[in-house]
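Below: the structure, in structure tokens.
Please treat every number below as a calculation from the coordinates, not as lab data. These numbers come from a predicted model, not from an experiment. Note that each Cβ is placed from the backbone with ideal geometry, even for glycine, and that neighbours are counted across all protein chains shown.
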Amino acid sequence: MNIPSNIATLIAGIALTLVSLWYGQNHGLMPVAASEEATQVDGIFRLMMTVSTGLFLLIQGVLIISLIRFRRRKDDQTDGPPIDGNIPLEILWTALPAVIIMILAVYSFEVYNNMGGLDPMASHDHSHPQMAHAHKTPSSNREADKSLIAFDPGQDAIALGLGASPDKEGQNPALTVNVMGLQYAWIFSYPDTGISSGELHIPIGQEVQLNIAAQDVLHAFWLPEFRIKQDAIPGRDSQLRFTASKVGQYPIICAELCGAYHGAMKTQLFVHTPEEYQAWVEQNQIASAEGVQDTVALNPAERSDDEFLAPYAEQIGIDSNIIKQLDVSHHPATHSIAISN
């Protein structure tokens with residue numbers, strides 16, 4: 001029994017749609033979503049996979065059917081019919097991509113706005129802590145220290161990164177962390193606690209703001225499971241605001257080629273319950289205080305730079321020369337570094 005062509009086309013269209021929708025929701029190509037922002041990004045990706053799957057099956061299906069149905073038969077030496085064009089078909093394959101691109105553009109704009117990407121620093125005032133890094137010389141004085149490159153929400157340059165979402169406009173984040181990228185490590189400083197660490201620790205369910213800067217060359221702060229990435233640019237400040245939704249340990253990767261050891265510029269993000277995070281803070285504040293006492297007891301003024309920085313470098317897991325680059329004019333008698341375990 002022959003099936004009318006219009007019914008066959010309808011059945012094929014329904015099957016194509018169902019397969020595309022299923023694969024778009026079950027592709028398994030993305031890592032676990034560990035932030036509220038990740039679910040929004042995944043929504044765009046699922047839509048793109050659905051559309052891409054449908055177009056792929058449609059185009060490849062037409063090609064295969066054409067190869068079989070319109071193949072040259074044995075002993076057929078005649079020319080094919082002269083076809084100059086098909087106006088309706090050309091309109092279709094021009095209009096369809098245009099509509100798809102428009103839908104993706106509007107959807108992407110909405111998600112980007114909801115994530116706080118349109119004006120990331122609009123809701124900040126000058127009272128927020130500043131993140132400073134320096135290229136100083138031993139002759140730098142106190143006035144020069146005040147002019148260091150700092151995180152300044154009031155700068156006139158175009159804002160970079162993700163700020164507060166529209167529903168959180170004007171609200172301060174629960175936690176602020178200053179992030180310094182340098183060859184080849186990430187240094188995280190907690191202004192409210194005085195803790196510095198080579199790893200990032202945050203509580204679940206609370207909005208976190210990262211103030212990001214670079215000391216030497218371009219870096220890129222990338223959290224794959226959080227679906228966020230932001231360049232760290234020397235002389236330019238940027239930020240990321242996000243909320244973790246899953247407790248766990250996640251990689252932090254530099255996604256910008258920054259030198260010979262770029263591939264080793266990795267560390268970890270730990271998402272804790274509020275109770276576990278508070279315990280981590282208290283533990284490291286105690287360790288910081290003990291470190292200061294040990295430093296004073298050992299008369300650090302008589303120790304070389306390498307001797308002074310070696311214990312901290314060992315705890316952080318990076319070379320002591322990297323720490324020295326953060327402040328080349330440090331003096332052991334007047335500086336201390338709070339290090340996490």
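Yes/no per residue for (1) touching a Lys or Arg at 6+ places or on another chain (Cβ under 8 Å); (2) among the β-branched types (V, I, T); (3) more than 15 Å from L16 (Cα to Cα):
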| site | (1), (2), (3) |
| --- | --- |
| F45 | no, no, yes |
| M49 | no, no, no |
| T53 | no, yes, no |
| F56 | no, no, no |
| L67 | no, no, yes |
| R71 | no, no, yes |
Having 1 or more residues that are over 22 Å from L223 (Cβ atoms) and of a type in the set (D, E) is the bar; report the helices (runs of 4 or more DSSP H) wholly within the stretch 1-120 that clear it. 87-114
If I filter the stretch 208-221 for residues that are under 27 Å from L29 (Cβ atoms) and touching a Pro at 6+ places or on another chain (Cβ under 8 Å), do I get at least one hit? yes
